[in-house]
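**Student:** Handing you this structure, nothing more for now.
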């Protein structure tokens, strides 16, 4: 089985699957190699690529928190419970970050506090979202009225504010989510915003891309040692480390290669070039 991240990996900078890659993946499936996708996108935003490649296996979405197939069969699901989401909102307010909540009740829904409508961070994220279409629906709700479980919460702000938010997360007496610091990187975002800002990604306990990959492999009866995984970003590290073969795209940020602990880590070309084809040939599957 071969598993792909989407943005920055399987998709080129135009958010398309390159024609030669599509031909190669169709040939792989014809010869019996299974394909799956494991992405930070919602299922709704992933479905067009599932259909384009005619993928019948389950896929992992929202950074691995949710595993399902296109027929609607849920394989695995991890969420931040309602009290955890309220904790995240409190931390956002104390640290001066803007929270973005990925709802778990309706797939593909991004929820933003109504009070933050028009905020520069919100406008920047909405502009980036219009370019990438990672979510199916965006809703504004009064912060005090938000009462839901979540596949994940993003706290976005200046780097100092995000660092403070992570400190507050670590000080919680009961950990209802796990937290990680990530740089800002999105289409349509200015270099100044990327340099000055960061994001704390709050995820369900036990959920990451490795969790999704293992659930999919187990569902299909595939040994993890036979799985090849392709990725390009920080959130792909767990998936790459869990797979039998790990392929890091040439467009990955500087220093990411050194962070990955894998005996068979392969560095290939970028997503806008022949990186995927080169790696598939080196793996001997194409």
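**Student:** Give the residues of region 251-264 that are surrounded by fewer than 16 Cβ atoms within 10 Å (Cβ to Cβ) and in contact (Cβ under 8 Å) with a residue 12 or more places away in the chain, sorted by residue number.
**Tutor:** The answer is 253, 259, 261, 264.
**Student:** Restricting the search to region 235-262, which residues are touching a helix residue (DSSP H, G or I) at 6+ places or on another chain (Cβ under 7 Å) and modelled with pLDDT under 95?
**Tutor:** none
**Student:** Considering region 169-180 alone, what residues qualify as being in contact (Cβ under 8 Å) with a residue 60 or more places away in the chain and surrounded by fewer than 20 Cβ atoms within 10 Å (Cβ to Cβ)?
**Tutor:** 172, 176
**Student:** Let me ask you something else. Residues that are under 14 Å from residue 215 (Cα atoms), in a loop (DSSP other than H, G, I, E, B) and without any contact (Cβ under 8 Å) to a residue 40 or more places away in the chain: does region 62-71 have at least one?
**Tutor:** Checked against the condition, which is being under 14 Å from residue 215 (Cα atoms), in a loop (DSSP other than H, G, I, E, B) and without any contact (Cβ under 8 Å) to a residue 40 or more places away in the chain, region 62-71 yields at least one hit.
**Student:** If you take the residues in region 110-138 that are in contact with a helix residue (DSSP H, G or I) (Cβ under 9 Å, 6 or more places away or on another chain) and assigned to a strand (DSSP E or B), which one is nearest to residue 205 (Cα to Cα)?
**Tutor:** Among those that are in contact with a helix residue (DSSP H, G or I) (Cβ under 9 Å, 6 or more places away or on another chain) and assigned to a strand (DSSP E or B), it is 110.
**Student:** Pick from region 29-51 the residues that are closer than 13 Å to residue 17 by Cα and in contact with a strand residue (DSSP E or B) (Cβ under 9 Å, 6 or more places away or on another chain): which of them is surrounded by the fewest Cβ atoms within 10 Å (Cβ to Cβ)?
**Tutor:** Of everything passing the filter in region 29-51, 50 is surrounded by the fewest Cβ atoms within 10 Å (Cβ to Cβ).
**Student:** Right, next: Somewhere in region 27-34, is a residue within 20 Å of residue 128 (Cβ to Cβ), in a helix (DSSP H, G or I) and more than 15 Å from the chain's Cα centre (by Cα)?
**Tutor:** Within region 27-34, none of the residues are within 20 Å of residue 128 (Cβ to Cβ), in a helix (DSSP H, G or I) and more than 15 Å from the chain's Cα centre (by Cα).
Condition check ((1) more than 18 Å from residue 234 (Cα to Cα); (2) free of Cβ contacts under 8 Å to residues at least 40 places away in the same chain) across all residues:
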position: 139; (1), (2): yes, yes
position: 153; (1), (2): no, no
position: 156; (1), (2): no, no
position: 161; (1), (2): yes, no
position: 167; (1), (2): yes, yes
position: 186; (1), (2): no, no
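**Student:** Residues that are closer than 23 Å to residue 4 by Cα and in contact with a helix residue (DSSP H, G or I) (Cβ under 8 Å, 6 or more places away or on another chain): does region 162-171 have at least one?
**Tutor:** Within region 162-171 (the criterion being closer than 23 Å to residue 4 by Cα and in contact with a helix residue (DSSP H, G or I) (Cβ under 8 Å, 6 or more places away or on another chain)), the answer is no, since none of the residues qualifies.
The values are calculated or read from the model by the stated rules, or taken from the named source; none is laboratory data. These numbers were taken from a predicted model, which means no experiment stands behind them. With ideal geometry, Cβ positions are generated from the backbone for all residues, glycine too; neighbour counts draw on all protein chains shown.
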